[in-house]
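First the structure, in the form of structure tokens, and then the observations on it.
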Amino acid sequence: MDIPDQLRCLFSVSVEKRNDSVVIEIPEQEIQNGDLQPSKTYRAAVLAARTADETSDTDATTQSTHPPQTPPVEEGEQRTVEIEDLGDQGDGITRVERGFVVIVPDSKQGERVTVEITDVQRNVAFAEVVERLDYYE
């Protein structure tokens, strides 16, 4: 998956059918934070929802109607993760709680690694590989 540097916001919502249209509502908090401006045009990416074990429709609805929560990671924290995708610069991408994106340079898709979170932003975090693990460890 490519995550461009121009990423303005990242959130989960439900897709709703209204009359002859399908609607995706942008949370008001994204406008209030200044990331998006009304009446401007933006590119949007739609990704399939996580499996039922990873998220629920209730979570998606709650996130679309309530202000965003704080990031689920902190600088200096270590996590063991699996690299799910690669960004357009070749950086590894993984997701933690609530689908929060963590970008991990110098990693490969499918690799299992222990990372240390080095930078946390509102919508994304960055981490460095501390240890490469055997998949079954």
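Read-outs throughout are calculated quantities, based only on the coordinates presented, and are distinct from any laboratory measurement. Remember, it's a predicted structure, so these values are computed and weren't measured experimentally. Reconstructed Cβ throughout: ideal geometry from the backbone, glycine too, with neighbour counts over all protein chains shown.
Between GLN89 and LEU36, what is 0.36 nm times their sequence separation minus the Cα-Cα distance? Round to one decimal in nm.
Between GLN89 and LEU36, full extension yields an extra 16.6 nm.
Calculate the spin-label point distance for ARG122 paired with ALA44, positioning each point 7 Å from the Cα along the beta-carbon direction, and give it in nanometres.
Result: 1.8 nm between the two label points.
With the Cα gyration tensor of the stretch 78-133 giving a ≥ b ≥ c as the square roots of its eigenvalues, does the rule (a/c under 1.5 for rounded; else a/b larger than b/c for prolate; else oblate) give rounded, prolate or oblate?
It comes out rounded by the Cα gyration axes.
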